[in-house]
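J.: One structure, as structure tokens, below. Some questions next.
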Amino acid sequence: LEYKISVIEEALVKHKENSETVSVQINQADSKIKDITDGLQALSHNTVELKSCVEVCGSTVSDLFSTVRGYITEIKKCSDTARESVQIASDIKQKTLNDIKAVNEKYDEFKSNIRDDYIRRNRVVFFGIPKQGTDFEDHVMVEKLLYEELGLNIWVMKTFRVRSGMNSTNQNPPLIAEFWHNVDKSIILNKSTRYNLQNLPTNNRFHGVSVAPDLSFKERQEYKALKQTMINRNNELQTSGLTGEKWIIKKCNLRKYH
């Protein structure tokens, strides 16, 4: 009996020790469970924060995309504006070049006209003067006409014939005479001199000779057009029975003479 009691007591002691060990293990397990629970709670909290951060990041990224799209739109507008500006600048440059070219052409034409006017300033053209053998003989012939027939004490600087075309049949091409002074030219072209020239006797060698200003090609074309207009208007007056009126050319303009 004592042996059994001893065995039981030993068993109880071991059981107690085992119970204490189990209790310690349970406590340890509870502690670990608590740690796990705390960890899960922390993880859950972190997950919530992470989710919030993800949402914030998503919103930020969306805003960033919107901003970038806005930048792209503005860049496109700037690019379109830049292209338009380049085109406008190109058009302005081309227009400026065209204007400069036009101005240069006008300036060259102006210089040419000035030079041409300067060259012709003291010249007149004689029509119908018989052609002599040389330019010098033509020169002498003009001076005889002026001095002997018209009574003008005017010296001629030089004379030369107008070049005729290869097919021209004119035996006496127009003769250009250049004088020393413009006033001499004016004297020859005035009404009195022209009247005396037109009324030379029919047996005079200079009968039928006429005189006119030395005009440029452009001026001659303009004069021809003006003369044709005068002829047309005078024909209209005659057709209408207005015989007391007549169009004339005076100072390179048409005027009605009554």
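Bear in mind that the values in this text are calculations on the coordinates, not laboratory data. Note that this is a predicted model, so its numbers are computed, not measured. Cβ atoms come from the backbone with ideal geometry, glycine included; neighbour counts cover every protein chain shown.
J.: Normalised by the residues of region 121-212, what does the relative contact order come to in percent, with Cα pairs under 8 Å and at least six apart?
T.: That works out to 38 percent.
J.: Still on this structure, I have one more. So what's the angle, to the nearest 10 degrees on a 0 to 90 scale, between helix 217-239 and the longest Cα principal axis of the chain?
T.: 70
J.: Go ahead and set up a Gaussian network model of the chain, Cα springs under 10 Å, then flag whichever of L150, L64, L226 fluctuates most.
T.: L64
J.: Give, as a single signed number, the net charge of other residues whose beta carbon lies under 13 Å from the beta carbon of L97, with Lys and Arg counted +1 and Asp and Glu -1.
T.: 0
J.: Shifting gears a bit: What angle do you read, to the nearest 10 degrees and between 0 and 90, between the alpha-carbon axis of helix 2-120 and the longest principal axis of the chain?
T.: 0
J.: As an exercise, use a Förster radius of 45 Å and the Cβ-Cβ distance of R163 and Y257 to find the FRET efficiency, rounded to the nearest 0.05.
T.: So the FRET efficiency works out to roughly 0.80.
J.: Also: Report, in listed order, any pair from K131/K158; K93/K218; K224/K246; K158/K227; K144/K218 with a Cα-Cα distance greater than 22 Å.
T.: K93/K218; K158/K227; K144/K218
J.: Okay, next question. Can you give the extra length, in nm with one decimal, that the chain gains between S23 and R233 once fully stretched, where that is 0.36 nm per residue apart less the Cα-Cα distance?
T.: Numbers: separation 210, 0.36 × 210 = 75.60 nm, distance 14.23 nm.
Separation in residues times 0.36 nm, less the Cα-Cα distance, equals 61.4 nm.
J.: Which angle between 0 and 90 degrees, to the nearest 10, do you get for helix 135-144 versus the longest principal axis of the chain when only C-alpha atoms count?
T.: Computed tilt is about 60 degrees.
J.: Grab the Cα-Cα distance for K250 and T47, subtract it from 0.36 nm times how many residues apart they are, and report the gain in nm with one decimal.
T.: 62.2 nm
J.: Moving on. If you take the square roots of the eigenvalues of the alpha-carbon gyration tensor of region 215-258 and sort them as a ≥ b ≥ c, do you get rounded (a/c under 1.5), prolate (a/b over b/c) or oblate?
T.: Oblate is the answer for region 215-258, as a/c is 1.5 or above yet b/c matches or exceeds a/b.
J.: Taking 8 Å as the Cα distance limit and 6 or more residues as the minimum spacing, I'd like the relative contact order of the chain as a percentage.
T.: Working: 180 pairs, mean separation 34.2, N = 258.
Once normalised by length, the contact order is 13 percent.
J.: For volume of the Cα convex hull per residue in Å³, one of [x] 400; [y] 139; [z] 186 was computed from the structure I shared and the rest are decoys. Which label?
T.: [x]
J.: Also, I was wondering about something else. Between S90 and E222, what FRET efficiency comes out of the Förster formula 1/(1 + (r/R0)^6) with R0 = 41 Å and r the beta carbon distance, rounded to 0.05?
T.: 0.55
J.: Report the full-extension gain for the segment V13 to Y118: residue separation times 0.36 nm, less the Cα-Cα distance, to one decimal in nm.
T.: My answer for the length gained is 22.9 nm.
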